[in-house]
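Here's the structure, in structure tokens; my notes come after.
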Amino acid sequence: MAGLPWRLVERLADGQCHSGQALGDYLGVSRAAIWKMVQQLEAAGLPVTSVRGQGYHVEGGIDLLDADAIGATLSPLVASLLGGLQVLQQIDSTNSYLLKGDFGLGEVVLAEQQTAGRGRRGREWVSPLASNVYLSVRWHFSAGMASLEGLSLAVGVVIAEALESLGVQGVELKWPNDVWVQGRKLAGVLVEAGGDVSGECFAVVGVGINVKMPSNLDAAINQPWIDLAELGFSAGRNRLASELISGLVGLLANYEQVGLRVYAPRWEARNALKGRQVATQGAVALTGVVAGISPVGGLLIQTAAGVKEIVGGEVSVRASEA
Ligand code: BTN
């Protein structure tokens, strides 16, 4: 994978128009080379505008991620629980990176771009350059994978609360862990765990949040979506990352002890489908009214044949109301 021309990204971050000549002089390359680099950035999902006779600019500038700025706003307790905090320019997937590498407890990685971002159920997670938040945290546990039941729902609560603390209103959770605003998807969670069922194990918790999705990627996303830019969010990606890391570390450091019980009421308070008619597809096909979640994080549906529980990540729920 050819590396991104990062000095050009940094130069364009101010949102000003820079001529090809000035950029070429700055980087010590020809105007033609700058044009090629701009193509590379556009292919990575950064919307660079070319103005004939004037140069290149990124409308609104670029809010670049900065590990030092993120680290500076973490509390001493959270900082002490981190194994490391990395901001990568480009990676296939932050979850894959933490799954494959030899990382310890509390390693956090953010990326400016994912070339193979992964969603739940084998879906792609559209991950353009310098636009959104792609964040993964690795954590180790000793009480076994069974103790991680419901963790992905609790992560949804942490995301919702981080967004709310920064002024985002109307955040809802759609089972199991989609984060919705105005009935459209704002963020998603991918938890991947491994190890012993009853002993040493680990989890990689991946969070993707749409902050400022380039509009030309609309067709690539196969469901209704929303981003924070549309909601007037102005706190910036570093602040958002810091709030998320703080919430996730607090969750992961205690989850083995407290479990979903502590998070369930907070999840229910934001349950987007509560009381709504739904149909499930997948392993179990059911229709009924959503009653809530079970102690293990399953979805409870009131059907004609009584209350049924849907568990696991292989079932999708669709509102079937008009
Ligand atoms: C979903 O709703 O389908 C889950 C999306 C999870 C996306 C995040 S982005 C950071 C981490 N790395 C990945 O490849 N996926 C998760």
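The values are calculated or read from the model by the stated rules, or taken from the named source; none is laboratory data. Not measured: the values here are computed from a predicted model. Cβ sites come from the backbone with ideal geometry, for glycine too, and all protein chains shown count toward neighbours. Just so you know, the surface numbers come from the protein's heavy atoms only, side chains and all, with ligands and any DNA or RNA stripped out. Shrake-Rupley method; radii C 1.70, N 1.55, O 1.52, S 1.80 Å.
Some observations on this one:
- Consider segment 16-63 and keep the residues that are touching an Asp or Glu at 6+ places or on another chain (Cβ under 7 Å) and open to solvent by less than 50 Å² (accessible area, probe 1.4 Å). The one that is nearest to residue 215 (Cα to Cα) is 48.
- Within segment 168-183, residues that are at positive phi sit with their Cβ atoms under 8 Å from residues that are more than 12 Å from the ligand (Cβ to nearest atom) and small (Gly, Ala, Ser), at 6+ positions apart or across chains, in these pairs: 182/170; 183/272.
Let's see how each residue does on (1) more than 9 Å from the ligand (Cβ to nearest atom); (2) surrounded by fewer than 21 Cβ atoms within 10 Å (Cβ to Cβ):
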site	(1), (2)
94	no, no
100	yes, yes
110	no, no
113	yes, no
116	no, yes
120	no, yes
123	no, yes
131	yes, no
134	no, no
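- Scanning segment 267-288 for residues that are closer than 28 Å to residue 163 by Cα, over 24 Å from the mean Cα position of the chain (by Cα) and among the aliphatic types (A, V, I, L, M) yields one hit, 278.
- Filtered residue count, segment 153-191, keeping only those that are within 15 Å of the ligand (Cβ to nearest atom), open to solvent by 30 Å² or more (accessible area, probe 1.4 Å) and not basic (Lys, Arg): 3
- For segment 222-273, residues that are in contact with a strand residue (DSSP E or B) (Cβ under 7 Å, 6 or more places away or on another chain), of a type outside the set (D, E, K, R) and in a loop (DSSP other than H, G, I, E, B) total 5.
- Annotation note: of 98, 129, 85, 105, the sole residue that is farther than 23 Å from residue 221 by Cβ, in contact (Cβ under 8 Å) with a residue 24 or more places away in the chain and part of a loop (DSSP other than H, G, I, E, B) is 105.
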